[in-house]
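Report on one structure; see the data block that follows.
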Amino acid sequence: MAKYFLIAGEASGDMHASGLIKQIRVRDSEAHFAGLGGDQMAAAGCHLYRHIRHMAFMGFAAVLSHWRDVHDNFRIAREALQKEQPDILILIDYPSFNLRMASFCRKHLPQTRIFYYIPPKIWAWKKRRVHQIARLCDRVLGIFPFEPAFYAKYGYACTYVGHPTVEQINKGERLKVKGERRIIAILPGSRPSEISHCLPRMLAAARRFPQYDVTVCAAPAIEDSFYAPYLQAGEKLTRDTYTTLQTASAAIVNSGTATLEAALIGCPQVAVYHLALSRVIGVLRWAQPLFFFTPYFTPVNIVAGKEIIKECLANDFTEEKVAAELARLLSDDAYKKEMLASYQHLRSLLGDQPASATAAAYITSKQ
C-alpha cells in the first residue's frame with residue numbers, strides 16, 4: 001500500500017488536489033492519503049492534519065498578523081510527515097510553505113519521492129527558485145504549456161500535464177442561456193484579506209449599472225457571514241460560480257485562476273488586483289520590470305501572450321476604471337465578440353488533456 005502526503009494551502013489547491021486523489025485511487029486502489037488541505041480533499045478520502053482555513057494567508061501583513069497559525073502550520077506539517085513516512089509527497093502550489101516542507105522532507109525522509117503538481121509561477125517572478133525546485137523535487141508537473149521550455153532553459157525537466165481548470169470546466173454541465181443576460185458576476189478571491197480589500201471597489205463599480213443584478217461568488221472556505229456586511233439589498237451571494245459565470249453578462253474577477261475559469265466558460269470580464277506595495281513603488285506599470293518578468297498578470301493574458309482582458313491592477317484598480325471597462329463589456333458588441341474569439345484561441349493553447357489523470361499516471365509510475 002503506497003502512502004501519499006499532499007499539501008494544498010488554499011481553496012483552488014484543495015479542489016485540484018481532490019481531483020488528483022481520485023485519479024490516483026483509480027490506479028492505486030489501496031492508496032492511503034494524508035496531508036494539509038480542505039473539505040474537498042477530506043471528501044476524497046484524505047486524512048487532514050490541518051485545514052486550509054488556518055493556512056490561506058497572503059502578503060506580509062496577513063502572515064505577520066497570523067504568525068502563530070503560520071508557526072503551527074509548519075510544526076504540524078513536520079510532525080505529520082514524520083508520523084506518516086509517506087512514499088510520495090505531492091506539493092500543490094503554495095510555494096513559500098511547500099518549498100520549506102520539501103527541504104525538510106529531503107533531509108529527514110530521503111526515501112520519499114517528491115512531486116510538484118501546479119508549481120509556483122517562477123516564470124513571472126522569483127526565477128531563482130527554479131534551481132531550488134529542481135534540486136528538491138523528483139518531478140515537476142506543470143499546468144501551463146510554456147513551462148517545460150522555461151525549465152529547459154536552465155537545464156531542468158518539467159512535464160506539461162494539462163491545466164486542471166480546463167478539466168473542471170469540461171466536467172461541468174453547460175447551460176443554454178435564453179434571453180438577455182442581466183447579471184454582473186463578482187469573483188473577489190479566495191482569501192479573507194484579498195476579499196476585504198477588493199470586494200468594496202468591485203461592488204461599487206457594479207452598482208453603477210442598476211439595470212443589472214449583482215451576484216457575488218463565494219470562496220469554498222469562507223463563511224457566508226463574512227460577505228454579509230458588504231452586500232446591499234437585492235445583491236446575491238452564491239457558491240455556484242460556474243453557473244453564475246455562464247449566465248452573467250460580464251464579470252469583475254480578482255486576478256488569478258478565476259480569470260481562466262471565466263474565460264473558458266465564455267464570460268466577458270475585467271480583472272482586478274489589490275497590491276499594497278503599489279503605494280510605495282508608485283505606478284505599477286513603471287516599476288513592473290523591476291519585480292516581474294512578464295508583461296501581464298492574469299493567466300488568461302500570460303498564456304495568450306497578449307492582452308485579452310483588461311487588467312486593473314494596484315493603482316489602476318479604482319471604481320472609475322473598473323466601471324469604465326465594465327461599461328464597454330456591456331455595451332460594445334464588437335469588443336465583446338473579439339474577447340470571446342480570443343477565449344477560443346486560449347482554449348486551443350491549453351488543450352484538453354485531463355490534468356489530474358495525466359499527473360496521477362506520472363505520480364504512480366515506478367519510474
Worksheet item: Say the dipole of region 170-350 comes from +1 at the beta carbon of Lys and Arg and -1 at that of Asp and Glu; which of His274, Pro299, Gly172 then lies farthest toward its positive end?
Response: Gly172
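Across the chain, where is the longest run that never hits GluC sites (Glu not before Pro) in a DSSP loop with at most 11 other C-beta atoms within 10 Å?
By the stated rule (loop sites, at most 11 other Cβ atoms within 10 Å), 224-367.
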Worksheet item: On a 0 to 90 degree scale, rounded to 10, what angle separates helix 333-350 from the longest Cα axis of the chain?
Response: 10
Worksheet item: What relative contact order, as a whole-number percentage, does region 184-229 give when Cα pairs under 8 Å and 6 or more residues apart are counted?
Response: 51
Practice prompt. Could you tell me how many degrees, from 0 to 90 and to the nearest 10, lie between the Cα long axis of helix 95-108 and the main elongation axis, the longest principal axis, of the Cα atoms of the chain?
Written response: 0
Worksheet entry | Segment Arg78-Leu237, extension gain: residue separation times 0.36 nm, minus the distance between their alpha carbons | 53.5 nm
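Work out, step by step, the length gained on full extension between Asp138 and Lys366: first 0.36 nm times the residue separation, then minus their alpha carbon distance; give nm to one decimal.
On the way: separation 228, 0.36 × 228 = 82.08 nm, distance 1.20 nm.
Separation in residues times 0.36 nm, less the Cα-Cα distance, equals 80.9 nm.
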Worksheet item: Which parts of region 347-367 would a label at Asp87 reach, counting a residue when its backbone N lies under 19 Å from a point 7 Å out along Cα-to-Cβ?
Response: 357-367
Worksheet item: Which residues in region 115-146 have a backbone N closer than 17 Å to a point placed 7 Å from the Cα of Arg27 along the Cα-to-Cβ line?
Response: 115-119, 138-143
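FYI, it's all coordinate maths here, none of it is from the lab. It should be emphasised that the depicted structure is a prediction, and the values quoted were computed from it without experimental measurement. Ideal geometry is used to build each Cβ from the backbone, glycine not excepted, and the neighbour counts take in all protein chains shown.
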